[in-house]
1. Ratio of Rg to Rh for the chain, alpha carbon only, Kirkwood?
2. Largest first, please: the extent of the C-alpha atoms of segment 140-194 along each principal axis, to the nearest Å.
3. Take every Cα-Cα pair in segment 98-194 and report what % of them are more than 21 Å apart.
4. I'd like the orientation of helix 14-24 relative to the chain: the angle between its Cα long axis and the longest Cα principal axis, in ° from 0 to 90, rounded to 10.
5. Just to confirm the number: angle between the C-alpha axis of helix 163-186 and the first principal axis of the chain, 0 to 90 degrees, nearest 10?
6. Regarding segment 1-103, what whole-number volume in Å³ per residue does the convex hull of its Cα atoms give?
7. Full-extension gain between residue 116 and residue 100, please, as 0.36 nm times their residue separation minus the C-alpha to C-alpha distance.
8. For the chain, what is the mean residue ellipticity at 222 nm derived from helices alone (per DSSP H run of n ≥ 4: -39500 (n - 2.57); sum divided by total residues; nearest 500 deg cm²/dmol)?
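Coordinate-derived values only; no laboratory data. Not measured: the values here are computed from a predicted model. All Cβ positions, glycine included, derive from the backbone under ideal geometry; neighbour counts span all protein chains shown.
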Ligand code: GAR
């Protein structure tokens, strides 16, 4: 059965597009019911519009608390009968309201081999550290910063001294790994490492 998902993003939205294109090619039996962003002017909004997918934009500081905006988000997700929340460059910690409503149903992609380089600018952190191999991780979301149980990983060789080329490799790896992982997850075919 087609899995109903929401994609949360704060930036460019290339992972959103890769997921939608996999759906369009028939590789992933899912439907993106809604895109949610905390950055109303981010490029993700235009990308979603091109695919005729509804967007909910919000500005966190217009709410009195995380609990307040997450309550509105949960209502929207429930209206759209969303089963899984897919974070794709959503740069905010998920709070207790969303975690409680979507327990073990929130997934994130992160541009490093976790637990190395959690948090912001993971690619910059890897380059600054001088690692030769970095990569990408898909994991369940818990209350921590990039700490939840790991679902899948792929290694990426750093292009020394070339951030742009390293980033391009990371994004290409993400676009493949996210859709193949989601496919297995929705088919209940993943054994957790933890
Ligand atoms: C991706 O590289 C994703 O792994 C990263 O943001 C980028 C979003 O790109 N996420 C994080 O760093 C989360 N901690 P996109 O907007 O082109 O999909």
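1. Working: Rg = 16.1 Å, Rh = 17.0 Å.
That ratio is 0.95, to two decimals.
2. Result, largest extent first: 39, 25, 15 Å.
3. On the way: 1524 of 4656 pairs.
Here the tail beyond 21 Å accounts for 33 percent of pairs.
4. 70 degrees
5. That helix lies at roughly 50 degrees to the long axis.
6. Working: hull volume 9.3 nm³, N = 103.
Dividing the Cα hull volume of segment 1-103 by its residue count gives 90 Å³.
7. On the way: separation 16, 0.36 × 16 = 5.76 nm, distance 2.69 nm.
Contour length minus Cα-Cα distance gives 3.1 nm.
8. Values: 6 runs with 71 residues, N = 194.
Per the formula, -11500 deg cm²/dmol.
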